[in-house]
Every structure is written in structure tokens, then in C-alpha cells.
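The values are calculated or read from the model by the stated rules, or taken from the named source; none is laboratory data. Just so you know, these numbers come straight off a predicted model, no measurement behind them. No Cβ is skipped: glycine too gets one built from the backbone with ideal geometry, and neighbour counts run over all protein chains shown. Areas reflect the complete protein model, heavy atoms only, side chains present, ligands, DNA and RNA absent. Shrake-Rupley method; radii C 1.70, N 1.55, O 1.52, S 1.80 Å.
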Amino acid sequence: MNGGPDSRYVRQIRFAPVGQEGQQRLGKGTVAVVGIGALGCVIASHLARSGIGELRLIDRDIVEWSNLQRQLLYDEEDAVQALPKAEAAANKLKRINSSIAIRAFAADLHAGNAASLLEGADLVLDGTDNFQTRYLLNDYAVRTGIPWIYGGAVGAGGMTMTVVPGETPCYRCLFPEPPSAGLTDTCETAGVLSPLVDVIGSLQAMEAIKWLTGNSSQLRPGLLQLDLWRNAWMPLDLAGAKRSACPCCAAGEFPFLEPTPDDTALLCGRDTVQIRPNRPLSLDLKALAARLSSLESGSFSLTPYSLRYIRDERISAVFFADARALIQGTSDAIKAKAIYADILG
Ligand SMILES: [Zn+2]
């Protein structure tokens, strides 16, 4: 049993509640990890190593130097190349486990593409850093009946909760409406420590393994809040927290699955605006590179998945094949749109 690839899952199978049967179930499971930042890196790493059947990595961002302090799948070369996180994570995970299906989506999950990106997943894991996507995931999960595992981390504190539609309260039972922008701490305003995201991501991955191996009776009930700086673990019992007036899981309203005309988003933690076309488009990155190379100013680098154009020392832009772009160096959406239009011509 020692030495060869066949021994890969030996220790996991030896853990009795998993066993051979649990391992086989894992190997048939499909999981979507939405957001491959600090939490997503931990979750995806554990699930890839444990032998999940199919792992979908969905992230809209690129690797930057400020990510390396806590986003454990990335290295300096990824930041130098400004690789899309989904691709950089997939590259690394394929070297860790080549026997599973790993699919990378360098995409912004939104109401218009959620069904196609998440279809067929047995479970959705939240690695995002924004409320908009979490409410979307909750709506999607409750509507389709598949569970999702929420996780959030800021500073040295975080929380996690497993939502099993029909059984547990949903996210909106607890938090009926998204908070107003600017009212909550984010990684940008409060910072975040690396060991914290490791713990929260690991808690999420553990729940995922329980669910996928057929051990749903062992899922952690309620909401767990913790603060690793103050050494506080604060489980919150959610018995009775399922609200009969919940617009989502009781009334069956799913407003976050309705496409919105809003085509810009400010990314957490940086001077970066995302521009997303309102309708499906495709952008020929090579043709754009050829056109940019004829300009007298600026420089660009082309990867198989993205084109990065450095216009000057303040402004740069990363374009993806779906015509989505990250405009770096500004937090002004109107200015970012103008730069986007300017470069695409
Ligand atoms: Zn609810």
C-alpha cells in the first residue's frame, strides 16, 4: 500500500466514517468554489487533495503581490505575470492531483451566468469577499436545493455556516438584506491575518467532506463565529432561526438571480474597477495585442487567458476573452469605463 499513486487516499480511507464508500462518493462529487482568494485557496487545496471528482474554480480577479501574504496557492511568479487566479490555482492544483477534473473559470459569477457555471454542482463553497455574490449563492442554492457553505474572514475574526435548503435556516433568514456599502469592515479597511483564513477555509472544507462522503448527520449545526486574536470560539445555535417570513426560503423569491444592468464593480481592497459587458461578447485578445503594439505608449503582456495593458505608471488594464476588464489605478467607475472604451477603441 505504500509508495505508489494507489496509496494516495490511504489515510483518509482509514478514517472509518469515510472508508472506501465515502472515498468513492467523494470521487463522484462535483464542487464549485466561488472566489479563489484566501478562503478559496484553502478550500480548493483540501478538496483537490481529498480526491473530489470535479472541482470548479471560479474567480474574476488576477494575482497581485498583496495576495501572497495569505492566498496559499499563489507565488511570486503568478503575481509578476498577473495571472487570473482561477488559472493560477488550477495550474498548481493539477500538479497536486492530476487524477481529478479541475476546471478553471476566470469569470465574474453573476445572475446571468450563475446557472451555467454552477449547474450540476453537488455543493457550492463560498470563497468570496462580497455580499452581492453571497446573496446570489444563497438564492441559487435555495432555488435548486443544493447546499452551500458560507465563510467570511476579516481581521482576525470570521464566521462560517452551512446552508442545507429545506433543513437549515438560509443566509437570508439571518441576514435579510445586504448591508449598505461602507457599513461593514472589509479586508481593505480592517486587514486580514493569514492563519485566520486558513482556519475558516478548513472548517468549510471539512463540512464539504462530511457532506460529500455521506456523513451529513455530522454537519456542524448553526453559525460558528471565531476570533483567533482573542481566542474566542462562539457557536451560535440556530434552532428556531428559520424564519417563516424569509423572502428566500419561505416565500421563494430570488431577486439576486435577476440580471441587473449594473456593469461595474469596485473590487475589495484595491483601486480596481471591474467592467463587465451587459451582453455576451467575445474579445480577440491576440488582435487587441496586435493593435496595442502599434501604439507609441504603454506596454502589454499576453497570457493564454488574459491581456494586461500597462498604459502608464498609474493606469493598467487586464482584459479577458469575454470582454470583461479590470481597470487598475482608479476607484472611479466612470473614469474606468472611459479608459475601457478608450483602449478597446
Ligand atoms: Zn431563509
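Listed conditions (1) assigned by TED's automatic domain parsing to the domain that holds A114; (2) assigned to a loop (DSSP other than H, G, I, E, B) are all met by E313, apart from (1). Please verify whether P247 is assigned to a loop (DSSP other than H, G, I, E, B), more than 30 Å from P221 (Cα to Cα) and either open to solvent by less than 60 Å² (accessible area, probe 1.4 Å) or touching a residue at least 40 places away in the same chain (Cβ under 8 Å) (or both), treating the condition exactly as stated. No, not satisfied. Of all residues in the range 285-299, which are surrounded by 12 or more Cβ atoms within 10 Å (Cβ to Cβ) and either under 27 Å from the mean Cα position of the chain (by Cα) or in a loop (DSSP other than H, G, I, E, B) (or both)? L285, L295, G298, listed by residue number. Of the residues making up the range 155-182, those that are among the hydroxyl-bearing types (S, T, Y) and outside any loop (DSSP other than H, G, I, E, B) are T160, T162, Y171. For P221, the test of being within 30 Å of L281 (Cα to Cα), assigned to a loop (DSSP other than H, G, I, E, B) and either out of contact with any Pro (no Cβ under 6 Å at 6 or more places or on another chain) or open to solvent by 80 Å² or more (accessible area, probe 1.4 Å) (or both) is failed. Among helices (runs of 4 or more DSSP H) entirely within the range 38-105, having at least 1 residues that are assigned by TED's automatic domain parsing to the domain that holds G157, buried (at least 20 other Cβ atoms within 10 Å of the Cβ) and polar (S, T, N, Q) singles out 38-50. For the range 1-18, name all the residues that are touching a residue at least 60 places away in the same chain (Cβ under 8 Å) and either more than 13 Å from S99 (Cα to Cα) or among the small types (G, A, S) (or both). Those that are touching a residue at least 60 places away in the same chain (Cβ under 8 Å) and either more than 13 Å from S99 (Cα to Cα) or among the small types (G, A, S) (or both): P17, V18.
Take A239 and decide whether it is more than 30 Å from Q328 (Cβ to Cβ), exposed (fewer than 12 other Cβ atoms within 10 Å of the Cβ) and at pLDDT 95 or above. Answer is no for this residue. Among the residues of the range 104-122, those that are more than 13 Å from the chain's Cα centre (by Cα) and either over 24 Å from T160 (Cα atoms) or not charged (D, E, K, R) (or both) comprise A111, G112, N113, A115, S116, G120, A121. Evaluate the following for T168: is it within 16 Å of the ligand (Cβ to nearest atom), assigned by TED's automatic domain parsing to the domain that holds V18 and in contact with a helix residue (DSSP H, G or I) (Cβ under 6 Å, 6 or more places away or on another chain)? In short, no.
Residue-by-condition table, conditions (1) of a type in the set (D, E, K, R); (2) out of contact with any Lys or Arg (no Cβ under 9 Å at 6 or more places or on another chain); (3) touching a residue at least 12 places away in the same chain (Cβ under 8 Å):
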position: A289; (1), (2), (3): no, yes, yes
position: S301; (1), (2), (3): no, no, yes
position: Y305; (1), (2), (3): no, yes, yes
position: S316; (1), (2), (3): no, no, yes
position: D322; (1), (2), (3): yes, no, yes
position: A325; (1), (2), (3): no, no, yes
position: D332; (1), (2), (3): yes, yes, yes
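Taking every residue in the range 255-266 that is within 17 Å of R60 (Cα to Cα) and charged (D, E, K, R) and pairing it with any residue that is modelled with pLDDT under 70 and not in a helix (DSSP H, G or I), at least 6 positions away or on another chain, yields no pair with a Cβ-Cβ distance below 8 Å.
Looking only at residues in the range 131-151 that are open to solvent by 10 Å² or more (accessible area, probe 1.4 Å) and not in a helix (DSSP H, G or I), the one that is farthest from the ligand (Cβ to nearest atom) is I146. For the range 175-191, the criterion of being within 16 Å of the ligand (Cβ to nearest atom), open to solvent by 40 Å² or more (accessible area, probe 1.4 Å), over 17 Å from G127 (Cβ atoms) and without any contact (Cβ under 8 Å) to a residue 12 or more places away in the chain is satisfied by at least one residue.
For the range 234-244, the criterion of a residue being within 16 Å of the ligand (Cβ to nearest atom), assigned by TED's automatic domain parsing to the domain that holds Y135, in a strand (DSSP E or B) and touching a residue at least 12 places away in the same chain (Cβ under 8 Å) is satisfied by at least one position. The sole residue among N215, N231 that is at negative phi and more than 16 Å from the ligand (Cβ to nearest atom) is N215. A count restricted to the range 4-23 and to residues that are exposed (fewer than 15 other Cβ atoms within 10 Å of the Cβ) and in a helix (DSSP H, G or I) stands at 8. Reported count of residues in the range 316-337, each being charged (D, E, K, R) and either surrounded by 23 or more Cβ atoms within 10 Å (Cβ to Cβ) or part of a helix (DSSP H, G or I) (or both), is 2.
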